[in-house]
1. For the chain, what is the accessible area per residue in Å², given a 1.4 Å probe and the full set of protein chains?
2. Charges only on Cβ, +1 for Lys and Arg, -1 for Asp and Glu: so what's the dipole of the stretch 154-240 about the Cα centre, in debye to the nearest 20?
3. What angle, in degrees between 0 and 90 and rounded to the nearest 10, separates the Cα long axis of helix 4-27 from the longest principal axis of the Cα atoms of the chain?
4. Give the distance, in whole Å, between the Cα centre of the stretch 107-166 and the Cα centre of the stretch 207-286.
5. Report the antiparallel proportion of the DSSP beta bridges in the chain as a percent, rounded to a multiple of 5.
6. Nearest 500 deg cm²/dmol is fine: what mean residue ellipticity at 222 nm does the chain get from its DSSP H runs of n ≥ 4 alone, each adding -39,500 (n - 2.57), divided by its residue count?
7. Can you tell me the dipole magnitude for the stretch 118-164 around its Cα centre, using point charges on the Cβ only (Lys, Arg +1; Asp, Glu -1), in Debye to the nearest 20?
8. Choose one answer from LEU76, LEU42, LEU152: the residue with the largest mean-square fluctuation in a GNM of the chain with alpha-carbon springs under 10 Å.
Amino acid sequence: MRDTKIAGLEKMAAGVRYDILNMLLKCGAGHLGGSFSIVELLCVLYGSQMNHDPANPDWSGRDYLVLSKGHAGPALYATLAHQGYFAHDQLDTLNCGGTDFPSHPDRLKTIGVDVTTGSLGQGTSQAAGVAYGLKLAKRDNHVYLIVGDGELNEGQCWEAFQFIAHYRLDNLVVIIDDNKKQLDGYTQDVMNPFDIAKKMEAFGFYTMKVKGDDLEAIDLAVSYLRRVGSTAKCIVLDTVKGQGIGYFEELMDNHSVKFDSQENQKAAKAALDELEKLMNREAENV
Ligand SMILES: Cc1ncc(C[n+]2csc(CCOP(=O)(O)OP(=O)(O)O)c2C)c(N)n1
Ligand SMILES: [Mg+2]
């Protein structure tokens, strides 16, 4: 018997991917690769693990999400829309003048966004600060930090990780999106990160490697880590840039995709059709 929760998260992932692609297609271009690679993660966080209330985004008991790789903003917006923070059609204004949905998250513009990000590296320190502040205030909210593998080139990440480990911020989970690519190529060619999990362990983190397209595995890992105390905690998420749609996974230059070619437009429209079927599919074997 398949778990109903996982079946629901699968549908949610199809819906979130649909909204991201639709947004970028309407906009004409955008950060597709790094948005798609965290769809399953965001669905597990918002759809299963995080304490949050779309009707009361400022609820003091909420968990915090820091999307340090802020260029994946469209993935966060689509997830928040799915959860009911705002209407889906508002997403159509992505990156337009005066929009509440800039390509990188801005906490003063978008409901549900807690931390402004986009300058890579900085979200790591912000998340450390939020988690440390919560500890000082003796509150038990959790913080989830999403960092890109290319983003790890920023020295600031490692300063923040040292802080998180030193203060044993067990109310924070660092999640590294190991999609093996950054802006203009493979991370191992641009700036080899070597073994990210071993590095995090060496920095004092309790570290798990998890398949980034496996909703059940992500759900189990996040739920388990929530209960692990007195240590810094990290998930190295094994993902694919462009995850979930074969055409975009195979597109070499899939960081920021332009929809100015007939080929890309055709692939996007075909993908939207497929995603729509998944969204509307009755849960099988439940
Ligand atoms: C400080 C800073 N330098 C450069 C950039 C431009 N930039 C945006 S995305 C990106 C690559 C990030 O790669 P990665 O963290 O692996 O992201 P993903 O693969 O998830 O898209 C770069 C260099 C930036 N946003 N901030
Ligand atoms: Mg990357």
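1. 45 Å²
2. Result for the stretch 154-240 is approximately 360 debye, rounded to the nearest 20.
3. Once rounded, the angle reads 60 degrees.
4. Here the answer is 22 Å between Cα centres.
5. Antiparallel: roughly 15 percent of the beta bridges in the chain.
6. -12500 deg cm²/dmol
7. 360 debye
8. Per the Cα network of the chain with a 10 Å cutoff, LEU152 tops the list.
The values are calculated or read from the model by the stated rules, or taken from the named source; none is laboratory data. As the structure is a prediction and not an experimental result, all values here were calculated from the model. No Cβ is skipped: glycine too gets one built from the backbone with ideal geometry, and neighbour counts run over all protein chains shown. Surface areas here come from the heavy atoms of the whole protein model, side chains and all, with no ligands, DNA or RNA. Shrake-Rupley method; radii C 1.70, N 1.55, O 1.52, S 1.80 Å.
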